[in-house]
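*Asks:* Next up is a structure, given as structure tokens.
The values are calculated or read from the model by the stated rules, or taken from the named source; none is laboratory data. Remember, it's a predicted structure, so these values are computed and weren't measured experimentally. Positions of Cβ are generated from backbone atoms using ideal geometry, with glycine treated the same way; all protein chains shown enter the neighbour counts.
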Amino acid sequence: MMESRRYQKTKVLLNGIRNIAVQTYRHLRVPFIKKEHGDKSFIYLKNELDYCIHPYNSTYKNERCVEIPIFRDILEGYDLADVLEVGNVLNHYGTYWHDVLDKYEDHKAVNLKTDLLKFNPNYHYKLAIAISTLEHIGMNDGNEPSAFLKAIKKMQSLADEVIFSVPLRQNFFVDKCLFQNKLKGFKITYLAQKGFLDWQQTSFPFIEKGIVVAICRWKK
């Protein structure tokens, strides 16, 4: 029993050291990536945007490098008091004074710690957003894939405009909904990773070899 406890303590300690080492490496790497690739940009719709190169979640490796600049650009057209974010993402890359709903994360930016499907505010938002969040809804609570569609309908009831992103190949039900065009009324743009900090819009998302993210927009 004593050896088992010592093993657990040692394991926790080693995991902590590893996490510190990984975070340190990510922070140290970012300035070099910015120096070499900081002038790169990508096109979303007709807008040219700079990539987000940030240590948190190693954005330069995944869809966060395009999601963050896209949603930052979208928010510039809104009073943040009229914006609801489902899932706390943007505040890891800056400070934004909008409402953030997140059932699980303990973060100072989260002012609505509740379940989206049970959220019934008195206020109606002009914009509701979610960044690579909706594909997780239902999967963390009893494996209910259809909760993805329920979450979208809920967001539509809360705001005049809904914009969310979801990565492909993370949730089979989400992929199926996109492939079968089940998101009625949404305009969907796909961006595919072609190389390191090289993302391009694509009309053939389901045959792309790299990471693909869908940006889905709906407006009343």
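*Asks:* In this structure, does residue 158 turn out to be of a type in the set (A, V, I, L, M), surrounded by 12 or more Cβ atoms within 10 Å (Cβ to Cβ) and touching a Leu at 6+ places or on another chain (Cβ under 8 Å)?
*Replies:* Details: of a type in the set (A, V, I, L, M): yes; surrounded by 12 or more Cβ atoms within 10 Å (Cβ to Cβ): yes; touching a Leu at 6+ places or on another chain (Cβ under 8 Å): yes.
Against the criterion (of a type in the set (A, V, I, L, M), surrounded by 12 or more Cβ atoms within 10 Å (Cβ to Cβ) and touching a Leu at 6+ places or on another chain (Cβ under 8 Å)), residue 158 qualifies.
*Asks:* Mind listing whichever residues of segment 79-91 are under 19 Å from the mean Cα position of the chain (by Cα) and either of a type outside the set (Gly, Ala, Ser) or at pLDDT below 95 (or both)?
*Replies:* 80, 83, 84, 85, 86, 88, 89, 90, 91, listed by residue number.
*Asks:* Looking at segment 166-177, is at least one residue of a type in the set (Val, Ile, Thr), out of contact with any Lys or Arg (no Cβ under 9 Å at 6 or more places or on another chain), crowded, with 20+ Cβ neighbours inside 10 Å and assigned to a strand (DSSP E or B)?
*Replies:* Filtering segment 166-177 down to residues of a type in the set (Val, Ile, Thr) leaves 166, 174.
Right, trim to out of contact with any Lys or Arg (no Cβ under 9 Å at 6 or more places or on another chain) and you get 166, 174.
This time we only want the ones that are crowded, with 20+ Cβ neighbours inside 10 Å, so: 166, 174.
Remaining after also requiring assigned to a strand (DSSP E or B): 166.
Looking for residues that are of a type in the set (Val, Ile, Thr), out of contact with any Lys or Arg (no Cβ under 9 Å at 6 or more places or on another chain), crowded, with 20+ Cβ neighbours inside 10 Å and assigned to a strand (DSSP E or B), one finds at least one in segment 166-177, hence yes.
*Asks:* Okay, next question. Which members of segment 185-219 meet the condition of being within 20 Å of residue 148 (Cα to Cα) and either modelled with pLDDT under 95 or assigned to a strand (DSSP E or B) (or both)?
*Replies:* 187, 188, 189, 190, 212, 213, 214, 215, 216, 217, 218, 219
*Asks:* Does residue 129 count as touching a Lys or Arg at 6+ places or on another chain (Cβ under 6 Å), at negative phi and at pLDDT 95 or above? I'd like the intermediate steps shown before the answer.
*Replies:* Details: touching a Lys or Arg at 6+ places or on another chain (Cβ under 6 Å): no; at negative phi: yes; at pLDDT 95 or above: yes.
Spelling it out, it is not the case that residue 129 is touching a Lys or Arg at 6+ places or on another chain (Cβ under 6 Å), at negative phi and at pLDDT 95 or above.
*Asks:* Quick check: is even one residue across segment 182-198 buried (at least 18 other Cβ atoms within 10 Å of the Cβ), more than 28 Å from residue 58 (Cβ to Cβ) and not aromatic (Phe, Trp, Tyr)? If you could, list the steps in order and put the result at the bottom.
*Replies:* If we filter segment 182-198 for residues that are buried (at least 18 other Cβ atoms within 10 Å of the Cβ), which is where we start, we get 183, 186, 190-193, 197.
Remaining after also requiring more than 28 Å from residue 58 (Cβ to Cβ): 183, 186.
Okay, now just the ones that are also not aromatic (Phe, Trp, Tyr), so 183.
Yes: segment 182-198 contains one or more residues that are buried (at least 18 other Cβ atoms within 10 Å of the Cβ), more than 28 Å from residue 58 (Cβ to Cβ) and not aromatic (Phe, Trp, Tyr).
*Asks:* Counting only residues that are buried (at least 20 other Cβ atoms within 10 Å of the Cβ), in the same structural domain as residue 166 (by TED's automatic domain parsing) and in contact with a strand residue (DSSP E or B) (Cβ under 6 Å, 6 or more places away or on another chain), give me the strands (runs of 3 or more DSSP E) lying completely in segment 29-136 with at least 2 of them.
*Replies:* Numbers: elements: 41-44, 47-50, 83-86, 99-101, 125-131.
Hits in segment 29-136: 83-86, 99-101, 125-131.
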